[in-house]
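The values are calculated or read from the model by the stated rules, or taken from the named source; none is laboratory data. Everything quoted here is computed from the prediction, not taken from an experiment. Backbone-built Cβ (ideal geometry, glycine too); neighbour counts: all protein chains shown. Please note that ligands, DNA and RNA were not included when accessible areas were found on the heavy atoms of the full protein model with its side chains. Shrake-Rupley method; radii C 1.70, N 1.55, O 1.52, S 1.80 Å.
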Amino acid sequence: MTTLALPRPRRDSAIEGMMAKWYASNTAEMMKEYVDLARRIAGEVPQGSAVLEVAPGPGYFCFELARLGRYEITGLDLSRTFVNMAAKKAAEEGVKVNFQQGSASNIPLPKNSFDFLLCRAAFKNFGRPVEALNEMCRVLKPGGRGLIIDLKGDASPREIGRAIDEMHLSGFNRFLTWLALTTFLLKRAYTRAQFEQMLAQAGFSSFEVAESGMGLEISMVK
Ligand SMILES: C[S@@+](CC[C@H](N)C(=O)[O-])C[C@H]1O[C@@H](n2cnc3c(N)ncnc32)[C@H](O)[C@@H]1O
């Protein structure tokens, strides 16, 4: 395998304050994506399973999954704003999800704890991505499965445009989302080859990287 240059480790940066509030209201407009993803995962992961979402932000996927069955769900995010926001909403809606603050590259949870793990639209933000993969592997039970869904580093403007159309966002949010995706988010995102290189350094027994529109879906098994 050719060795590619990976970005240098950088400081973790959580989404806090007003930015977190904007993200929560913007993504609330695309709730169908979270509902569809939760249905898909509920179809694959048996009831009673322990599920971790790494970097859940406002927690929408966790809420939708919790509504679909008896899962033990934990959400771990670096952002105090998001952890407080999501925990408050869980209490208001009577949904059982344990939201905790912490970093993906130093997960404050015991090894071999989870049957399934999701990380959506967040991996490119992690300051130490290889450590985050190692930590994901550590907290999964042997045979446990992880799924990372994220923007691909070489997504074309046409793929991004098509994905934004499918989000059905209102005018200004549509523009801001397009701006963020085509500028700093695309710059941070990893290509398939970069993911394969990083995954080869983590301890999973197998992994697969698949392309899907402007994104990548990475399935890992411990
Ligand atoms: C774009 S949001 C995605 C939220 C959610 N997964 C979704 O699909 O809407 C990215 C999230 O990653 C979190 N984050 C960034 N770096 C992190 C890290 N090192 N560990 C844990 N969470 C992190 C941010 O605080 C934010 O909540």
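Inside segment 1-46, residues that are within 26 Å of Glu64 (Cβ to Cβ) and not in a helix (DSSP H, G or I) make up a count of 7.
Return the residues of segment 126-152 that are small (Gly, Ala, Ser) and buried (at least 19 other Cβ atoms within 10 Å of the Cβ); say none if nothing qualifies. Scanning segment 126-152 gives Ala132, Gly144, Gly146.
Candidates in segment 10-41 are the residues that are within 11 Å of the ligand (Cβ to nearest atom) and open to solvent by 100 Å² or more (accessible area, probe 1.4 Å); of these, the one that is farthest from Lys89 (Cα to Cα) is Arg11. Arg128 passes every criterion in (1) more than 12 Å from the ligand (Cβ to nearest atom); (2) more than 17 Å from Gly75 (Cβ to Cβ) apart from (1).
The residues of segment 58-97 that are open to solvent by 10 Å² or more (accessible area, probe 1.4 Å), assigned to a loop (DSSP other than H, G, I, E, B) and closer than 29 Å to Arg11 by Cβ amount to a single one, Leu78.
Considering only helices (runs of 4 or more DSSP H) fully contained in segment 135-222, which possess at least 3 residues that are at pLDDT 95 or above and among the polar types (S, T, N, Q)? Give the steps one after another, and end with the answer.
Numbers: elements: 157-167, 171-180, 192-199.
So the answer is none; nothing clears 3.
If you filter segment 105-125 down to residues that are near the ligand (Cβ under 9 Å from one of its atoms) and open to solvent by 30 Å² or more (accessible area, probe 1.4 Å), you find that the one that is farthest from Met31 (Cα to Cα) is Asn106. Taking the condition of being within 28 Å of Met167 (Cα to Cα) and surrounded by 20 or more Cβ atoms within 10 Å (Cβ to Cβ), how many residues in segment 195-213 meet it? Qualifying residue count for the region: 1.
Count of segment 44-85 residues, restricted to those that are within 15 Å of the ligand (Cβ to nearest atom) and of a type in the set (D, E, K, R), is 4.
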